[in-house]
Amino acid sequence: MSVDGWWKSAVVYQIYPRSFADSNGDGVGDLRGIISKLDYLQTLGVDVLWLSPVYKSPQDDNGYDISDYEDIDPVFGTMSDIEQLIAEVHARGMKLVMDLVVNHTSDEHPWFLESRSSRTNPKRDWYWWRSARDGYEPGSSGAEPTNWRAYFSGSAWEFDATTGEYFLHQFTRRQPDLNWENPDVRRAVYDMMNRWIERGVDGFRMDVINLISKTEPFVDGHMYFAMANGPRIHEFLREMNREVLAGKGLITVGEMPGVNVEQAELYTDPAREELNMVFTFEHMHLDAVPGEPKWSPRPLLLVELKANLAKWQTGFVNGWNSLYWNNHDQPRSVSRWGDDGAFRVDSAKAWATVLHLMRGTPYIYQGEEIGMTDFPFTSFEQFRDVESLNWIAEARGKGIDDSTIMNSLRARGRDNSRTPMQWDGSRHAGFTTGEPWIAVNPNHVTVNATDAVADSNSVFHHYRRLIALRHEMEVVVHGDFTLLVPDHPQLFAYVRSLGSVSLLVVANLSGSECRFDAPPDFADAEVLLGNRSESLAPWQSYVVLLGDAAA
Ligand code: NOJ
């Protein structure tokens, strides 16, 4: 395989540094904590580590609000710690990807401090400033320039009394959107990225990168349509590619809310020289009431999920996709779509199997590999995430009762996946010797990495085997995808094939037995994973191989 496509056979592991491992007892995970766990990650076999942001930040959105792109926040460590981390990761044959958050900065970033200082400041135009709606007193109710709502509740416009104008923020009011129309902004971002590459990082995960090109003029309506995949987005990404990425063998993944298959193909077709792959969202929205915010959960229909994934599996011509069920913005998949009670282990394995053997680059979120579950939240005081806190305030304001709000937070709150990594069964799960910034899941006594590594039947070793299959078998990387039994409400089954080699992947993604008649060709196929039978027990999954995969 060409060096440039190395990321097609790679598996990425996402670290949420705040919750991974705390080396100094302050209750917050840090870079030295990550260094202490690299051998564990090497045992798992992942190729790339992606760090959620560790840059200097007021931590309004846990680091997705950056006040200095070229320094490390003291809660995580120092520049010399990150240099050491990069070296230690490389020494183990792995690569390191940094989060790149350049749709917005923190309101404490010096660029924004200058921008807000006066209407004539040279950096005024680095952000989006607008005057009050015609006929309204600036700062008064209803005077916002447009009716747009921010992703994290409230208006997307914040009034700034210093200059009497409003600035745009798609996320919290402490995350003003950068103006990518201004070439000086783009130059500053590219220079910063180049310096990180010089420090040795191997790629970038780009936060909401398809929101950077805005459609003007700004008018009332849905903010989303004015932002996602805007008119200059491809131009900006091609420019970034030329100025920063080209020819360096990096891995790039763009987080892209509101992207469809056709657009994703444009972003990732190598001939267009933009990005390697994208994070897509359609499959993450199938269990929300259509047209409603994410806080209105409904059960997932497997038939819909399969149809959606099959469309993405077969929809690319030259482009490439990423594969994920979990990250720091989603609840834990084993609680969301599996069974986090009696069948925790089997259901975690079944969902992992169907994900990892599809076409695309799989992403594992810390703790997923040991089947970590959602947290049993019982009171609003337990939440830390700004999105959840804003939602509680907004929902109460709308008169929604507390128990409905609590149910939505338990089902969808991002803190579910942000509780500390469960290393062992000891107090605070071995995450910290101090008081953790957010509570540790009480089930760490039974769900933890130490026990999982020691048990050859654990979720951990299942992930290790799946990762190894991708490394060993071209069919996993390049094979065609054919969905079987699309209308079956419990079974997820598909075939990957490349030349004379075929892989059959079968999972019962339900808590009741069902039957699967494999295509006759597979009668004598070699079992690679799981137990094969015609009648599948709840959450049973297996993988069989036809042909010589090593060829
Ligand atoms: C997407 C990130 O994954 C999320 O955690 C963050 O809150 C928003 N972008 C804003 O940066």
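Throughout, read-outs are computed from the coordinates displayed, never taken from laboratory work. On a predicted model such as this, the values are computed, not experimentally measured, just so you know. Reconstructed Cβ throughout: ideal geometry from the backbone, glycine too, with neighbour counts over all protein chains shown.
In table form, for the structure just shown:
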| quantity | calculated |
| --- | --- |
| Segment 269-331 - Rg over Rh from alpha carbon coordinates, Kirkwood radius | 1.03 |
| Residue list for segment 143-172, given a label point 7 angstrom along the Cα-to-Cβ vector of ASP220 and an amide N cut-off under 12 Å | 143-148 |
| q = 0.10 Å⁻¹, the chain: log10 I(q)/I(0) [Debye, one scatterer per Cα] | -0.84 |
| Whole-Hz couplings from phi, Karplus 6.51/-1.76/1.60, listed for segment 103-120; x for Gly and Pro | 6, 8, 10, 6, 6, 9, 5, x, 4, 6, 4, 5, 4, 7, 5, 7, 5, 10 |
| Segments 298-306, 123-131 sorted - mean Cβ within 10 Å per residue, highest first | 123-131, 298-306 |
| Inter-part distance where segment 352-420 and segment 232-268 are each reduced to a Cα centre, Å | 29 Å |
| Those GluC sites (Glu not before Pro) in segment 445-551 that DSSP places in a loop and that have at most 11 other beta carbons within 10 Å | GLU534 |
| Separation between Cα centres of segment 57-132 and segment 285-320, rounded to whole Å | 32 Å |
| Simple label model, 7 Å out from Cα along Cβ direction - SER500 to THR450, nm | 5.1 nm |
| Radius of gyration, Dmax [segment 206-359; alpha carbons; angstrom] | 17.2, 55 |
| Per-peptide average of other Cβ atoms within 10 Å, ordering 191-201, 45-55 highest first | 45-55, 191-201 |
| Fraction of beta bridges assigned by DSSP in segment 12-129 that are antiparallel (%, nearest 5) | 20 percent |
| Residues listed by number, segment 258-290, amide nitrogen under 19 Å from ARG298 label point at 7 Å toward C-beta | 281-290 |
| Shape call, segment 104-143: gyration tensor on alpha carbons, a/c limit 1.5 | prolate |
| Straight-distance crosslink candidates among lysines, where the alpha carbon sits under 21 Å from LYS8 and sequence neighbours closer than 8 are dropped | LYS95, LYS248, LYS311 |
| Residues of type lysines that LYS123 reaches as a straight line, Cα spacing below 19 Å, ignoring anything fewer than 8 places off in the same chain | LYS214 |
| Antiparallel %, DSSP beta bridges [both residues in the chain], to 5 | 60 percent |
| Set of aspartates and glutamates with alpha-carbon distance to LYS37 below 12 Å, sequence-local pairs under 8 removed | ASP22, GLU88 |
| Over segment 479-546: Kirkwood hydrodynamic radius from C-alpha pairwise inverse distances, Å | 12.0 Å |
| Under-5 Å amide H pairs with TYR127, H placed in peptide plane, nonlocal only | ASN179 |
| Equivalent ellipsoid semi-axes, segment 104-177, via Cα gyration tensor eigenvalues times 5, rooted, Å | 19, 16, 8 |
| Dimensionless Rg over Rh [segment 39-186; C-alpha; Kirkwood] | 1.10 |
| Radius of gyration, Dmax [segment 1-113; alpha carbons; angstrom] | 14.8, 47 |
